[in-house]
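The values are calculated or read from the model by the stated rules, or taken from the named source; none is laboratory data. None of these values were measured; they are calculated from a predicted model. Here the Cβ positions follow ideal geometry from the backbone for every residue, glycine too, while neighbour counts run over all protein chains shown.
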Amino acid sequence: MAGWQDTQAIALTNYQTGFADPATALCYDEAEELLWCGTTSGYVQSWLHAPGLPAQRYTSSRSHTGPVAQFSVQTNGVYSGGGNAVRLATRGGAPLWSARFDPPFRVSAFAFGRNLGEMWVSLSKGETQSGGIRIVKVGLSHTLRTIETDQEIHLLKPGSHSHIVGGSRYGNLVLMDARTCRIEKTVNAHACSLLSMDVADHMIATCGYSERGGRLSHDQMVKLYDVRMLRSLVPIAFPAGPTVVQFHPKKTGTLVIGSQSGQIQLTQVSNPAKAVLHQIPTEGFLTTCAWSSSGDLVAFADASGMVFECSTLGTDAAADAKPRINDASRLTELPPPPAPLPYIDLKDASVPLNAIGMPYYQEPLLSAWATLPKSCPAYTPPAYIPPEVTANVKRIDFVGYAPKPKTIRRNHLRGDGDASSRGLLHPTLSDAIIPTRYRPVHIQYSRFGIEDFDFAFYNKTRYAILETNIANSYCNPVLQCLFFIPPVRALARHHSATSCDRSICLLCELGFLFSSLESAQGPDEPKNCQATNFLNAFRATPQVMALGLADLEGHSAKKPSYAQMIANFNRFLLEALNIEFGQRSEGPLVAGCPPTFTYVQQLFASAIQTEGKCVCGSTERREALSYVTELTHSLLDEGKSFLDLLGEAFNRTFSTKAWCKVCQKYKQSTHRKTLRNYPNIMFINVPNVAGNTPDDAPRWWHGPHRIPPRLRLHLQNGAATHGLVQPGGGQITMRGEQQRDQFHLVAHICTDIGQAAPWTFFNDFLAEPSSVDDATSFTRWKRPATIVYVRDDLDAHVDTSLLPDVADPRILHKVHLVNQRRHITMKAKPLTAAELRRLKGMHVALDAEFVALNREETEVRSDGSRRILRPTHMALARVSVLRCADGGPNLPRGMPFIDEYIATSDVIVDYKTEFSGIKPGDLDVAQSKHPLVTHKSNYKKLRLLVNAGCIFVGHGLANDFRTINIHVPRAQIVDTVTIYFQESQTRRLSLRFLAWAVLGKHIQSENHDSIEDAMTAMLLYQHHQQELEAGTWEDLLHAVYDHGRAVKFKPPPPPTAST
C-alpha cells in the first residue's frame, strides 16, 4: 500500500455569522471534481478541485433546518438529508424535489432501495426515540410503506442481495430485506452505541462505544461482519479508539480507520499487520470521512470546522502524478465572467437613474422574498408595431391614431415568423409538442436481461415488431416496409429456401427474418422478433463501412445522421438484393416487364435515358436502371405540389462537365434525364439536411402540403401506364424529432389493404393503429425520409408459381465444412429417406451452446445499486439435434442427426467453458477438430425443421431460440423447464438437478455437452409421459420439489471410483 501525503485543509464557515461551521457529512462527487460538505447549520457546500491548485468554493446553500445527516450524489443531482426533510437539488443548488416530515420527526439517515426511485428514510423523535423507517417514492413525496422499529436507526447503507443494513444508537446492526421490507436479523455489534459503519460487497465494518468503569469509552476493535447472515468475522485491533471507518472504493479488502485524535490507519482486512499510519493535524476530534471514487483522495472532517484531504499516492509517485477525485470526470459548469460595467457620465442629464448600479446592503431588502414562487405566468408578447406607425401617431385623450402605411395589408399583423426581429427565439421542440408515441422508446434491462421486458405493453396490433437492442437497428423501418409488400416477401422466402452457397447473403437473411415475422403473427405467439442475423450479415458486408452505413453511435464523436443513412441504405440494399438473386430464365415474374430484367429489377427498377449535349453540338445517349428516386433540395419549392416535385425528379435537366468523344476532352454539357418506365415498387428518398434545427429543413414540409395516398402516373408521350400505389401497400418512413439535436426514425405502413383502418404506426417495438391523415401530413418536427409507393394491382400481375418457398429436405444430409482437416470428429448420422418423409410432427431433442462476444455493461451507483446498460451479447457456438425415436438399424433413439460447431470471425471475450463446454480453438477454422459450418448453413437446417412442423424437446428452449434468432410456434415447443414446474412455486428447476432427482443420473459433472443435455431433456419428457399415463404425475412433481428443498436444489457430487 502506498503512503500518505497531506494535500490541503479546507475551513468551513457560516457565511452569515462568519464562525466555523463543522461538517457532519462528507461525500465526493462521482461525476465531477467536487467535494460536498454538509454542516451543522444545515448548509450544503461544494468545493471544486483542480490538479495542482487549492480547492475553491463552488456552491453554498441553506438546504436544511438542522444538521445535514447524509449525502448521496447521483447523475441527476445531489440528495441530502437533514432536519425534517430529504432534498434533491442540482449541483448548482436549485431545488428539484423534497420530502418533508412533520415535527417532531427529523431525518437521521437515508438509503436507496432496489432502485433510485425508492428511498428508505430513517426518522427519529427527540434524542433517543425512534420514528421508524419510511419508504418514500422519489419524485412524488408520498410514503409507500412504514417499518416500525423500537430503536433509533441513525445509519443506513445498501448491502448486497437486495439488503439494507442499518445501525442503531444502541449499538445494534439491523439487516432488512429491500423486497419484503422486513427486518430479517439483528445483532449487537457494540455494547452502548454505534459510531460509524460502512458496507462493501459482503462485508460490514463498524466502530462504536462500550461501557468501562461506568462511562462510555471507544471500543478498541473494528468489528467485521458478513452481510449475508450477519456472521461475525475476525475484528481489527485499533488501540487509539476508532471513530470513523470507510472501505476503499476500489479495493474492498482495504479499510481506513480514524481515531478522535486524528490518527489514521490504512489496513488490509486479510492482513491487519500490514498497515500504513498517518497523523492529521486536527485541533478537534474527527466526525466523518469520505473516499473519492478513484481512491486517490480521502477527506476527514473534525469538530473545529476543518476538512483535511490526504492523498494515497504517496511520496514515491511520479512527479507529474496528481491526485484526482475520479478517473474520468466531466467538466463542471462554471458561471460566465461578469461583463465589464459601462462607463456612465454623471454629468449627462439624459442618463437614466436606473443605469447606476445598486450598492451592497448589509440588511435585507424588501425585495428579498422569503420564498420564491414555483412558477410565474408567461404571456403572449405584444403585437409588432412597425416604426412608420409609431412615428405618425396622433393622440386624442388616451387613444392613439395613425394612418395605415402602404407596406402593411389591411387587418394584417406580423406573426411568429418575424419574432426574430423582435429579439425572440423560436421555442425548443420539447416533449410537450411531440406526441408520446413519436418519442424514442427504450428497453429497460433487469438482472434477467431482456427476458422479462413486457413488449406486449407497447404492441397494440396483431403484427410482430422488431427489437432495437442491436447495432444498426435504424434499418428496422425499411425492413418492416418490405415485409408488408407480398411479392418482396415471397421473393425473399423463395431465395432463402434455395441452395444459395454464399456465406453472407442479405436476401437469405431477409427471407429468414420474414419467416419469423410471419409466424409471430399467429394467436398466442410472442410478437417481438429480432433482425440480429440480417444486421450481422449487413455489418459484415465490406461495402457497409465504405459507404458509411454502419451505426457507430457510442464509438464516434460525430452523431449519426439517420435520415442520410436510411437513404443510402435503401440504394445499397436494393442493389445488393439484385446482385444476390441474379438472373432467372423461368419467365417474367411480373407481367409486362422486359424479359431482360431480373426478378428484383422487375419489382424495383425503372429505366432512365440520359441524353447529353456538348457545346460543340454532339449528342450522346445512355440507358441505365435506377432503384431509388431522389428528390433534391432545389425541387422543394413551396409553390409546387408533390406531383410537380415527383415529375421534375423523373425528368430533370442539369449542366455539368463531361467527356466529349468528339472534342476528346471534358467540356460543359447539358444533360436531360427522361423516365422510360415506372417501377412497380417506387422508393423515393426525400432530402433532409444534417442541421440540428427544424428551420434547417426545406420549408416545403412546414406548410400545409400532404403526400397523396394514391397516384396515377402517365408517361410524357401520353401513353397511360399502370396506376401506382397506395393503398397497394404504400409505406412512409417518417423522421420524428425528440430534441433539437436528435432525430429518430418511425414508420407508417399500409398493412391491411381494403380494411376500414389499413394503416399501422411502428416506432421500433411500439406498434398501434394509425390513420391516413397522420401518415401523409408533416410538421416542423415530423418530416419524411423515405416514401414507398406500390402498384395497386401488383399482386394480380405477379406469377407466384415461380417463387416456391419450400426448401429441399435433402439439405439436412449436406455438411458444408469450413475447416478442411483429415481428422474431424463427426458424431451425427443424417436422417434417412423414411425419416425425411415423416418430419411433420416428429419429436426431436435440441440443445445449443453459446459464447460471449462482449461483456455486460453495468452502471454501479454510489449507493451500490446496479443498472444494466447493455446485456451480454451471446453468439451461437454449437447446435445438437437428436432423434427421439429409433430411425432404423444403427440409428437408435438419441442419435444426433445434427451436431455442428459454428465458425465465427468475431472476437470472443468469454467461451463460457464451464457452461457451454466450448474451449478456445473449437471455433477456429485452423485449429478445430470439430465439424465447423457457417451460421447461415446451420440456421437454414433449423428453419427447415421448423417449417416442416417438427416438435422440439429441450430444456430452456425459449432462451436458446431467442439467441439463435429463430421464431418457433409454441405448439412446436416442449420445454422441460415448463413441464417440471409447479405454479405455486417460484423456483424453476435446473436440468442437472432434474437428471439426478428424476432419472438418477449425474450430468455436467465436468463440462456441458449439448448432446448429453438434449438426451437428458428427451428422457425427462418421456418420463413425464409415462407418469401421466400412470396418473402419478402430480405426486412425482411434489416429491421432486420436496427433495429439492432438502438438498437446496443442488445434487450431490457424483461418486468417485474409490466410493
Next item on the list: Mind counting the residues in the stretch 772-825 that are charged (D, E, K, R), surrounded by 18 or more Cβ atoms within 10 Å (Cβ to Cβ) and more than 30 Å from the chain's Cα centre (by Cα)?
Entry: 3
Notebook entry, point to check: Failed condition for LEU96, given (1) within 26 Å of SER162 (Cβ to Cβ); (2) free of Cβ contacts under 8 Å to residues at least 60 places away in the same chain; (3) of a type in the set (A, V, I, L, M, F, W, C), with all others met?
Noted result: (1)
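Limited to the stretch 145-177, what total is found for residues that are in a strand (DSSP E or B) and without any contact (Cβ under 8 Å) to a residue 24 or more places away in the chain? Please lay out each step first, then the result.
Going residue by residue through the stretch 145-177, those that are in a strand (DSSP E or B) are 145-147, 153-158, 163-168, 172-177.
Filter once more, keeping what is without any contact (Cβ under 8 Å) to a residue 24 or more places away in the chain: 146, 172, 177.
Adding up the residues that qualify gives 3.
Any chance the stretch 838-850 includes a residue that's of a type in the set (D, E, K, R), without any contact (Cβ under 8 Å) to a residue 24 or more places away in the chain, under 30 Å from ILE450 (Cα atoms) and not assigned by TED's automatic domain parsing to the domain that holds GLN530? Show your work before the answer.
The first filter runs over the stretch 838-850 and keeps only residues of a type in the set (D, E, K, R), leaving 838, 840, 847, 849.
Checking the rest, the ones that are also without any contact (Cβ under 8 Å) to a residue 24 or more places away in the chain come to 838.
Still in the running and under 30 Å from ILE450 (Cα atoms): none.
Looking through the stretch 838-850, none of the residues is of a type in the set (D, E, K, R), without any contact (Cβ under 8 Å) to a residue 24 or more places away in the chain, under 30 Å from ILE450 (Cα atoms) and not assigned by TED's automatic domain parsing to the domain that holds GLN530.
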Notebook entry, point to check: Can you pull out the strands (runs of 3 or more DSSP E) entirely within the stretch 246-353 that have at least 1 residues that are among the polar types (S, T, N, Q) and in contact (Cβ under 8 Å) with a residue 60 or more places away in the chain?
Noted result: 254-259, 263-268, 286-291, 306-311
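Give the residues of the stretch 16-42 that are buried (at least 19 other Cβ atoms within 10 Å of the Cβ), β-branched (Val, Ile, Thr) and in a loop (DSSP other than H, G, I, E, B), sorted by residue number.
Residues of the stretch 16-42 buried (at least 19 other Cβ atoms within 10 Å of the Cβ): 21-30, 32-42.
Then keep just the ones that are β-branched (Val, Ile, Thr); that gives 24, 39-40.
Once the filter is applied, which keeps residues that are buried (at least 19 other Cβ atoms within 10 Å of the Cβ), β-branched (Val, Ile, Thr) and in a loop (DSSP other than H, G, I, E, B), the stretch 16-42 yields only THR40.
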Note to self: So, in the stretch 218-242, how many residues would count as being assigned to a strand (DSSP E or B) and under 43 Å from the mean Cα position of the chain (by Cα)?
What the structure shows: 7
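Confirm whether GLY77 is buried (at least 17 other Cβ atoms within 10 Å of the Cβ), at pLDDT 90 or above and within 34 Å of the chain's Cα centre (by Cα).
Working: buried (at least 17 other Cβ atoms within 10 Å of the Cβ): yes; at pLDDT 90 or above: yes; within 34 Å of the chain's Cα centre (by Cα): yes.
Considered against the rule, which asks whether it is buried (at least 17 other Cβ atoms within 10 Å of the Cβ), at pLDDT 90 or above and within 34 Å of the chain's Cα centre (by Cα), GLY77 comes out as yes.
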Check: Of the conditions (1) assigned to a loop (DSSP other than H, G, I, E, B); (2) modelled with pLDDT under 80, ALA563 fails just one. Which one is it?
Finding: (1)
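Do we find a residue being in contact with a His (Cβ under 8 Å, 6 or more places away or on another chain) and in contact (Cβ under 8 Å) with a residue 40 or more places away in the chain anywhere in the stretch 1024-1033?
First pass over the stretch 1024-1033, keeping only residues in contact with a His (Cβ under 8 Å, 6 or more places away or on another chain): 1033.
Now narrow it down to the ones that are in contact (Cβ under 8 Å) with a residue 40 or more places away in the chain: none.
Looking through the stretch 1024-1033, none of the residues is in contact with a His (Cβ under 8 Å, 6 or more places away or on another chain) and in contact (Cβ under 8 Å) with a residue 40 or more places away in the chain.
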Margin query: Being more than 18 Å from PHE765 (Cβ to Cβ) and either at pLDDT 90 or above or not in a loop (DSSP other than H, G, I, E, B) (or both) is the filter here; which residues of the stretch 498-532 pass it?
Written below: CYS505, LEU506, LEU507, CYS508, GLU509, LEU510, GLY511, PHE512, SER515
Checklist line | Index of the failed condition, ALA605 passing every other in (1) among the hydrophobic types (A, V, I, L, M, F, W, C); (2) crowded, with 19+ Cβ neighbours inside 10 Å; (3) in contact with a His (Cβ under 9 Å, 6 or more places away or on another chain) | finding: (3)
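Among the residues of the stretch 604-621, are any within 25 Å of PHE572 (Cβ to Cβ), in a strand (DSSP E or B) and free of Cβ contacts under 8 Å to residues at least 60 places away in the same chain?
Here is the first cut: in the stretch 604-621, the ones within 25 Å of PHE572 (Cβ to Cβ) are 604-610.
Add one more test, that the residue is in a strand (DSSP E or B), and what stays is 606-610.
Among the residues that remain, those that are also free of Cβ contacts under 8 Å to residues at least 60 places away in the same chain are: none.
Scanning the stretch 604-621 turns up no residue that is within 25 Å of PHE572 (Cβ to Cβ), in a strand (DSSP E or B) and free of Cβ contacts under 8 Å to residues at least 60 places away in the same chain.
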Item checked: Single residue of the stretch 575-596 satisfying the filter (among the charged types (D, E, K, R) and either in a strand (DSSP E or B) or surrounded by 11 or more Cβ atoms within 10 Å (Cβ to Cβ) (or both)) that is modelled with the lowest pLDDT -> ARG584
Check: Going by the structure shown, is THR13 surrounded by fewer than 19 Cβ atoms within 10 Å (Cβ to Cβ), out of contact with any strand residue (DSSP E or B) (no Cβ under 8 Å at 6 or more places or on another chain) and among the β-branched types (Val, Ile, Thr)?
Finding: no
Notebook entry, point to check: In this structure, does ARG855 turn out to be over 30 Å from ALA31 (Cα atoms) and out of contact with any helix residue (DSSP H, G or I) (no Cβ under 9 Å at 6 or more places or on another chain)?
Noted result: no
Notebook entry, point to check: Of all residues in the stretch 224-254, how many are in contact with a His (Cβ under 7 Å, 6 or more places away or on another chain) and closer than 28 Å to ASP177 by Cβ?
Noted result: 3
Margin query: I'm told TYR599 meets every condition in (1) farther than 21 Å from ILE787 by Cβ; (2) modelled with pLDDT under 85 except one. Can you identify the failing condition by its number?
Written below: (2)
Note to self: Let me spell it out: the conditions are (1) modelled with pLDDT under 70; (2) of a type outside the set (A, V, I, L, M, F, W, C); (3) surrounded by 11 or more Cβ atoms within 10 Å (Cβ to Cβ), and PRO440 meets all of them except one. Which number is the exception?
What the structure shows: (1)
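Would you be able to tell me the number of residues in the stretch 617-629 that are under 12 Å from TRP659 (Cα atoms) and surrounded by fewer than 16 Cβ atoms within 10 Å (Cβ to Cβ)?
Here the count works out to 2.
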Next item on the list: Looking at (1) closer than 24 Å to GLU509 by Cβ; (2) crowded, with 17+ Cβ neighbours inside 10 Å, find the lone condition where VAL907 falls short.
Entry: (2)
Check: When you go through PHE993, PHE961, PHE1049, PHE981 one by one, which is the residue that is among the aromatic types (Phe, Trp, Tyr) and touching a Gly at 6+ places or on another chain (Cβ under 7 Å)?
Finding: PHE993
